[in-house]
Structure formats: structure tokens, C-alpha cells
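Report on one structure; see the data block that follows.
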Amino acid sequence: MDSLAKQRIDALREELEEHNYKYYVLSAPVISDHDFDLKMKELQDLEARYPEYTDPNSPTQRVGSDINKNFIQAEHRYPMLSLSNTYSEEEVTDFYNRTQKSLNEPFELVCELKYDGTSVSLIYENGVLTQAITRGDGTRGDVVTDNVKTIRSIPLKLRGKHYPERFEIRGEILMPWEVFESLNKEREQQEEPLFANPRNAASGTLKLQNASVVASRRLDSYFYYLLGEDLPADEHYENLQYAKSWGFKVSDAVRKCGTLDEVFEFIRYWDIERRNLPVATDGIVLKVNSLRQQRNLGFTAKSPRWAISFKFQAEKALTRLNSVSFQVGRTGTVTPVANLEPVQLSGTLVKRASLHNADIINSLDLHIGDMVYVEKGGEIIPKITGVDKDARFLTGEKVQFIKNCPECGTPLVREPGEAAFYCPDENDCEPQIKGKIEHFVSRKAMDIHIGSENIEHFYKAGLIKNVADLYDLKAQDIVYLERWGEKSARNFLESIRESLKVPFERVLFALGIRYVGETVAKRLANSLHSIDCIMSADIWKLTEVDEIGDRIAQSVIRYFSDEKNRLLIERLRKTGVQMEIDRKILSEKTTKLGGLTFVISGTFSKHSRDEYKAMIEKNGGKNVASVSSKTDYVLAGDNMGPAKLEKAQKLGVKIIDEDFFLEMI
Ligand code: IVH
């Protein structure tokens, strides 16, 4: 019976990997997402029923575990070097001549795109991915294997048979433009800091502690460098083709060139064409094709002598600064925006550019009428990078940061150590009023089904001025509005009624108190239990809560010291919005594990890891990610990480299994 299950598990694993490959590497899926999900579900169920067949390289592992961990470091067997950069065709010619002189024989160059992400080195043993290490300092990097396994274009097991027993492959982990833009949009809504470019977003994602979040970020990859003792070919280009046949994503934009002219042709073509690629590139890499010749040329301390990169010019345009306007964001942050004489840049007409903050304006010594350089780097919003001071003759006034909010006139404030000014009058400043409502209704907050255009619509119609007004809305207020009908009004009002069930921690988050994000709200709610307790807490009481520092505590106190906010809370309370944590959950809480610290590791059969985590918290214990001398227990399942086990044993931390734990509680 069990062997039948094993057969089905194996078949599903193979089939799902094949579909993964077709979808993510070849971009040519052959089954529907739905059918794929069904098969994945079947495999997950089977693996849960037969934990003895757990395999760390099963396709189910690509969803990522949600355990938090600190990364361990590993030494690179071959250092991860960088390339020396060139910026002009002359420098490329120099490289070519230098190489020719050194080799004194014919040679080929391989031209590739220089992908602008974050590099990793993957180690495969007997066709299986065993370790993924970041570049780190070039000698040692973080081991990010679990996170890398969530990237669908990376093979966990290789295809075919003719791969070396052990080899490393290096490449770039990338966040496609499209994912980057939607991630930033989401972060803006959640008031989280934005990523400046896809490179930062990719490297930030790869270092996340939670692999299931990594999995949701849809990273992609390209591989461009093989290392090992027994590579199949003695030519770089051929090795890349082998890598492709083993299932790696290798770019099609790779060309063997015999002459400098061919190299320049490649450069010029991709300098334009790269704008149509789904991922960021910032140049071209040239490599000597023959590995024998590479060995002869060798390395300098920092980079190989057999390769260089040619960096594309960040596109730049010169245009006139007509005026500067100041925009108030939905959290009150004031951003200066340059209004420019329209100019063509990277295929779009640029009329406005970001000036970031007051310090940047001052350091540029900007005057109205100046001729300014605009660049579109990795960022989506173009920025002003310099002033052509020689072109300055009839300039206007020096650009000064404003002192008062352009929307409501309130004097702006700047917190120590922060670059941005903001308007503190959160309840009377129009963009902030709308921003607060947008945040309140968002999915992770109260999940009320209304978009920002309709919020604007309601606000203009005088129906809502704050979040409490939402609960006074009646069907007859809405049905006559443009674009609304009976059905949409009913759905909307239903979602408002449903929001009365939203637990207190999310309500607290929904209020939009500065610095009180999802996690902070959860912490405050779990420790202080009710809005009354939080409202009356002083700075000492607030900072006693785990991970709540002065900055957050001050902000909470400031929020509740405003009469308007207290009135708002009272109105929300009257409508039935949850203002304390659920008594049932509270009464189920025990102190059986009071003060004890747990690390969970491995896979379990009776409950999921999440369930164990929740049990620990419910019983007064604390979950931590890594074993230290302060850990009381390691709750160990199957396949516990060997490093954790060793550390726990060394420190004399008690290791318990799930039965023992269940006894404890
Ligand atoms: S080859 C020893 N090829 O650029 C040379 N690197 O400055 C190994 N990169 O760390 C690198 N695309 O992160 C190579 N086609 C490509 C590349 C590439 C991007 C990155 C990589 C490397 C950096 C070198």
C-alpha cells in the first residue's frame, strides 16, 4: 500500500517539476494553472500522510516554510570575484588588444547581457541542489538555500544524466519589472518603505527570514558561469548550452564573437533592445570563450583578466526646471517634485522628476530656470542628478523647501534623523484624510470593499470625512451616486458589516497610527488587550511591550492625546468595531509555558509548525528563530537541521519531541 503511495509521490514530483520547467524556464506551459494546483495539492496531501517520504527537493518545498531563521555563512570554494567595468568603446578595444597580445593566438569572445540583480552561487551534487550561497564579501556568503528553492526557474533536480558529479553554477537572481512595480504599489499602500530598484528588491527578498514570503515575490533567475573540476566542455559557451540542457535558465542573448565589430554590434543592439526585456540589465559582459585561454590569462586580485563588463550609459537628458511643487502623501510626507520642460528619455516623455528631499535640493543648489540633468537609473521615477551651472544666466529664485503644508497650511515638522518633512495635522489635511480611509479599508486592515476612486467620490459628495463615517452610510446615500447600483451598494454595505468581526489587532493596525504597522499592532494588542489599556498607557508601559521602542511609543501617545482621535475611537466602538482582543482567545490563554523560550525545527506529524507556534504563544511561551544559551527548549521534528541540533547539544538546550510538548501543555 505504502509503496503505491511512494510511486504516486514520485510520479507527481516528476510531473510537477516538468511543468515547472516548461512554465518558468521555457515560458511554454502545457497545462492550466488550475490543473497544476490540483496536482500540487494531491502531492502535498500525500506527503503529509506519508512523512517518511519527505524530500527537501520535492516541488512542494518551493512554497517555502514560514519558519524564521538567521542565515549561517559558508565559505565559497571559488571566490566570487567582480568584473572590471568599462564605459566606452575605446576601453573595450583596449581589452581586446590586451587579450590578443597576452594570448598571441586566435581567440573568441562570448558576449552576454549583464543582468542587474543579486548574484548567487548554487552547488549541485549528484544532480541535486544542495546549497545556495550569496556573494557576501566574495569569500564568504549567507546560505540562502531554502529561499532559493522557492524560485521556480531554478532546478532542484537536474534534467538528463550528463552533468558533473559536483559543480557550482553562478548567476543572477532577479525581480522582474512587473513584480517590482506591483510590490512597490502594495508597500506604498501598507506605508512600508519602497524599494529603489529591482536589484535592491531582489537582494532584500533573498535575505528575508521567511521563505514563504520569498515564494510570493516571484523572483526569476539567469545563470552565466560554471565552475567545477570536470565540466563537460573546455569552452564557456558550450558549457552554458549544457547548463541549459540540465534545466537552468540561460539567456538566449549570448553570442560568440570573432571580431571587435561583432562585439560592438552586440553592444549597440542590446543598448536599445534591453528596454523590452522583462528584467533589468545594466551592461554587457565579455568573456574569453576557451577555458584553457582563461586559465592562461588568470586573475588580478579582484577580477579575471579574461572578462570585462561594458556598462550602458544611464540615460540622461538636459532640460529646463520650470517650477517645483510639493505633494502631500497619504501619511503626510511632503515630497518635492520638479516640473520640467518635457524631454524624451528612455522612450518616454518626462515632464516631472523626483527631488527626494530638502537635503538633496540644497546640495544641488537649484534655481528655477536652471538647466538640469535628468536620469532614469534603475528607478522608475526619473531624478535630477545635476545642474549645468555654465548654462545659468537668467535664473530665477533659489528653490527653498516650504515651511507649511501646501494642502492645509499647518507648519511642517521633521523628526530627528529623518530626511522627510511631514504635515502633522492628520485629521484636517485632505490627502491625509483620504489616505487614512484608504488604509482603513485595505485588505490587511478592515477589508471593506471600496476602491480609492470611490473614496474620493464619497469624500467629494460630503458623505465621509473620516473612517467612522463609513459606518453611518445607508443604501439610499449610495445607490443614486454615479457608477453605483443596488447590487454594488449591497456588497459594499455587507463588507462594512463584516468588518465588525475583524479582530482587534487588525483594527488597531487599521487606525493608521504612524509607525504602528501590522506586527507592532499585533504586539500591542496581545500585550495590552484593549484600546482602553493602550490609550491610557504611559511611555513606560508601552515600551515594556516586546520590541516597542521610544519612537513607536511616542507616536501612540501623540495619537491618543488628540481629542479628535479619541472621539473617533468612541464612535467606532459604538458601531460595534472590536476594541479588545477576543475574550475567548484570552480565556484560552494559559501561563503553562510562562517565560519559556522555544525554537521549532523540522517537520511534525500531529500539528503543523504554525499550530505549534500558536500553542506556544497561547500558553505564555515565546518563539525564537535560532538556538542560543537563552533557549529553554528545542521542539524538534523530523529532519531537524544538523547545525541547530549540534548547537543545541553544545549549549545543553533540552531537545523535545511533539509528544513531550503536548504533554507539557
Ligand atoms: S560573470 C568572474 N556574467 O556582475 C566573473 N557576471 O561585476 C563572474 N553579472 O558578480 C561573473 N550578469 O553579479 C557574469 N552575464 C554575466 C553577468 C554577471 C551580471 C554580475 C554578477 C557579478 C557582477 C560582476
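Could you tell me the number of lysine pairs in the stretch 152-297 with C-alpha atoms less than 19 Å from each other, where the two lysines are 8 or more residues apart or belong to different chains?
Working: LYS157/LYS244; LYS157/LYS249; LYS161/LYS244; LYS161/LYS249; LYS244/LYS256; LYS244/LYS287; LYS249/LYS287; LYS256/LYS287.
The number of close lysine pairs in the stretch 152-297 is 8.
The C-alpha radius of gyration of the stretch 1-60, expressed as a fraction of 2.2 N^0.38 Å, stands at 1.14.
Scalar couplings 3J(HN,Hα) for the stretch 150-160, obtained by applying the Karplus form with A = 6.51, B = -1.76, C = 1.60 to θ = phi - 60°, are 7, 7, 5, 7, 9, x, 7, 10, 7, 8, x Hz; x denotes Gly and Pro. Here the Karplus curve 6.51 cos²θ - 1.76 cosθ + 1.60, taken at θ = phi - 60°, turns the phi angles of the stretch 641-646 into couplings of x, x, 5, 5, 4, 4 Hz, with x standing for Gly and Pro. Take the Cα of HIS607, step 7 Å toward its Cβ, do the same at GLN209, and the gap between the two points is 2.1 nm.
Which entries of LYS39/LYS114; LYS6/LYS149; LYS351/LYS436; LYS501/LYS541; LYS351/LYS444; LYS589/LYS613 have Cα-Cα distances beyond 25 Å here? Walk me through the numbers on the way to the answer.
Numbers: LYS39/LYS114 37 Å; LYS6/LYS149 22 Å; LYS351/LYS436 29 Å; LYS501/LYS541 28 Å; LYS351/LYS444 35 Å; LYS589/LYS613 14 Å.
Flagged as over cut-off: LYS39/LYS114; LYS351/LYS436; LYS501/LYS541; LYS351/LYS444.
So if R0 is 30 Å, what FRET efficiency would SER452 and HIS34 give, r being the distance between their Cβ atoms, rounded to the nearest 0.05?
Values: r = 31 Å, r/R0 = 1.04.
The computed FRET efficiency comes out at 0.45.
As an equivalent ellipsoid, the stretch 381-481 spans semi-axes of 39, 16, 15 angstrom, where each value is the square root of five times an eigenvalue of the C-alpha gyration tensor, largest first. Could you name the lysines in cross-link range of LYS650, using Cα to Cα under 22 Å and dropping any fewer than eight places away on the same chain? Cα-Cα hits under 22 Å: LYS69, LYS622, LYS630. Phi angles across the stretch 438-450 convert, under the Karplus curve 6.51 cos²θ - 1.76 cosθ + 1.60 with θ = phi - 60°, into 3J(HN,Hα) values of 4, 5, 4, 7, 4, 4, 7, 9, 8, 6, 9, 7, 8 Hz, Gly and Pro given as x. Highest average first, the peptides 503-513, 24-34, 438-448 ordered by how many other beta carbon atoms sit within 10 Å of their residues are 503-513, 438-448, 24-34.
Computed from the C-beta positions of TYR50 and GLU188, the FRET efficiency with R₀ = 60 Å rounds to 0.85. Remark: spin-label model distance TRP540-GLU518 equals 3.5 nm, labels positioned 7 Å along the Cα→Cβ axis.
Work out how much length GLU430 to ASP477 would gain on full extension: take 0.36 nm times their residue separation and subtract the Cα-Cα distance, in nm to one decimal. Working shown, then result.
On the way: separation 47, 0.36 × 47 = 16.92 nm, distance 2.17 nm.
Additional length available on full extension: 14.7 nm.
Any idea what the relative contact order of the stretch 584-665 is, in percent, if you count C-alpha pairs under 8 Å spaced at least 6 apart? Once divided by the residue count of the stretch 584-665, the mean separation gives 34 percent.
Hey, what D do you get for the stretch 534-665 in µm²/s if you plug the Kirkwood alpha-carbon radius into Stokes-Einstein at 25 °C and 0.890 mPa s? Could the numbers behind the result be given before it?
Values: Rh = 17.6 Å.
Using the Kirkwood radius from Cα pairs, D works out to 140 µm²/s.
Per residue, the Cα convex hull of the stretch 116-168 amounts to 92 Å³.
Applying a 4.7 Å Cβ-Cβ cutoff to the chain, the cysteines left without a disulfide-compatible partner are CYS111, CYS257, CYS533. With 0.36 nm allotted per residue and the present C-alpha distance subtracted, the THR335-TYR459 stretch has 42.3 nm of extension available.
Each of LEU43, VAL63, TYR53 was placed along the dipole of the stretch 1-78 (beta-carbon charges, centred on the mean Cα), and the one lying farthest toward the positive end is VAL63.
Here the sum of -39500 (n - 2.57) over DSSP H runs of 4 or more residues, divided by the residues of the chain, equals -11000 deg cm²/dmol at 222 nm, to the nearest 500. A simple spin-label model places pseudo-atoms 7 Å from Cα toward Cβ; at ARG98 and ARG566 they are separated by 7.1 nm. Extension gain, TYR269 to ILE585, is 107.5 nm, computed as 0.36 nm per intervening residue step minus the present C-alpha separation. By definition, a body whose alpha carbon gyration tensor gives a ≥ b ≥ c is oblate when a/c is 1.5 or more and a/b is not larger than b/c, and the chain fits this oblate description.
Checking the a/c ratio against 1.5 first, then a/b against b/c, what shape does the Cα gyration tensor give for the stretch 591-665? Show your work: numbers first, answer last.
Values: a/c = 1.83, a/b = 1.20, b/c = 1.52.
Because a/c hits 1.5 or more and a/b fails to exceed b/c, the stretch 591-665 counts as oblate.
The packing ranking, built from the mean of other Cβ atoms within 10 Å per residue, places the peptides 494-500, 599-605 in the order 599-605, 494-500, highest first. Within the same chain, lysines fewer than 8 places from LYS389 are excluded, and of the rest, those with a Cα less than 19 Å from its Cα are LYS316, LYS398.
Express the relative contact order of the stretch 1-78 as a whole percentage, based on alpha carbon pairs under 8 Å and six or more residues apart in sequence. Could the numbers behind the result be given before it?
Details: 30 pairs, mean separation 23.5, N = 78.
Over the stretch 1-78, the number comes to 30 percent.
The separation of the stretch 233-266 from the stretch 393-415, counted between C-alpha centres, amounts to 54 Å. Sorting 642-649, 366-373, 142-149 by average packing, meaning the other beta carbons within 10 Å per residue, from highest down gives 142-149, 366-373, 642-649.
In terms of its alpha-carbon gyration tensor, the stretch 63-172 comes out prolate; a/c meets the 1.5 threshold, and the first ratio a/b outweighs b/c. In the stretch 463-551, the ratio of gyration radius to Kirkwood radius, Rg to Rh, stands at 1.13 when only Cα atoms are counted. Return the loop-located GluC sites (Glu not before Pro) in the stretch 186-242 (DSSP other than H, G, I, E, B) with at most 10 other Cβ atoms within 10 Å of their own Cβ; answer none if there are none. Those that pass, being in a loop and sparsely packed, are GLU229.
Converting the Cα gyration tensor eigenvalues of the stretch 197-343 into ellipsoid dimensions via √(5λ) gives semi-axes, longest first, of 39, 24, 14 Å.
Starting from the Cα of LYS584, draw a straight line to each of the aspartates and glutamates and keep only those under 16 Å, dropping any in the same chain fewer than 8 residues away. The reachable aspartates and glutamates, counting only those whose Cα sits under 16 Å from LYS584, are GLU505, GLU617. Based on C-alpha pairs under 8 angstrom that are at least 6 apart in sequence, the chain has a relative contact order of 9 percent.
All of the numbers you see were taken from the coordinates with simple rules; none came from a lab. Note that the structure is predicted; figures quoted are calculated from it, not measured. Methodologically, a virtual Cβ is constructed for each residue, glycine included, from the backbone with ideal geometry; neighbour enumeration extends over all protein chains shown.
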